[in-house]
1. Name the single residue that is nearest to the chain's Cα centre (by Cα) among those in the stretch 76-103 being surrounded by fewer than 16 Cβ atoms within 10 Å (Cβ to Cβ) and among the charged types (D, E, K, R).
2. Somewhere in the stretch 114-127, is a residue closer than 21 Å to residue 35 by Cα, of a type in the set (A, V, I, L, M, F, W, C), at pLDDT 90 or above and buried (at least 21 other Cβ atoms within 10 Å of the Cβ)?
3. Name the single residue that is nearest to residue 116 (Cα to Cα) among those in the stretch 34-69 being in a strand (DSSP E or B) and under 12 Å from the mean Cα position of the chain (by Cα).
4. Going by what's in this entry, would residue 80 be described as assigned to a loop (DSSP other than H, G, I, E, B) and either over 15 Å from residue 29 (Cβ atoms) or free of Cβ contacts under 8 Å to residues at least 24 places away in the same chain (or both)?
Amino acid sequence: MKVLKSIKRGFALICVMALALSLCACSGKAAKVELSAYKTTSNRRRLTGAYSDKSPLVAVLPLYEDSEVVLFASDGRALLFPPEAVSLKASRTTQGVAVMALKKKAVVTQAQFAPDTLIRNHARYRARSLPAAGALLREDDRGEEQMSLI
């Protein structure tokens, strides 16, 4: 069993049997990097240059076969895309490719796997080509329910 551990500021990232990592930035870009790019040859205590610092990271997701990623933007849009649409990069400090076309002042707030979200109609948010603007979230897919007194 292969395990990759990277400890930074008390957080541990553990990827078991993943094919690659998906790095999602708040600028709407995503990169797919092989796990073998993080293999170190020397005994270093800290891994340097783990990702590009051009834009802050929103999520680091281990990619498995048949997984789909959903990006959520601050303007209420969501975009579902297969990680196979993003080409595999050899360099771990790559900026990535544009996945979500964002409006002015909008940023990507979170990235999750599709089954982990509350989205019911996946076809509505699936991207046909990249970059895509995504679709506005419907009330059913937001997961926000107003509390009632009764």
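1. 84
2. No - not one qualifying residue is present in the stretch 114-127.
3. Among those residues, the one meeting the criterion is 69.
4. It is false that residue 80 is assigned to a loop (DSSP other than H, G, I, E, B) and either over 15 Å from residue 29 (Cβ atoms) or free of Cβ contacts under 8 Å to residues at least 24 places away in the same chain (or both).
The values are calculated or read from the model by the stated rules, or taken from the named source; none is laboratory data. Everything numeric in this text was worked out from a predicted model, so none of it was measured. Note that each Cβ is placed from the backbone with ideal geometry, even for glycine, and that neighbours are counted across all protein chains shown.
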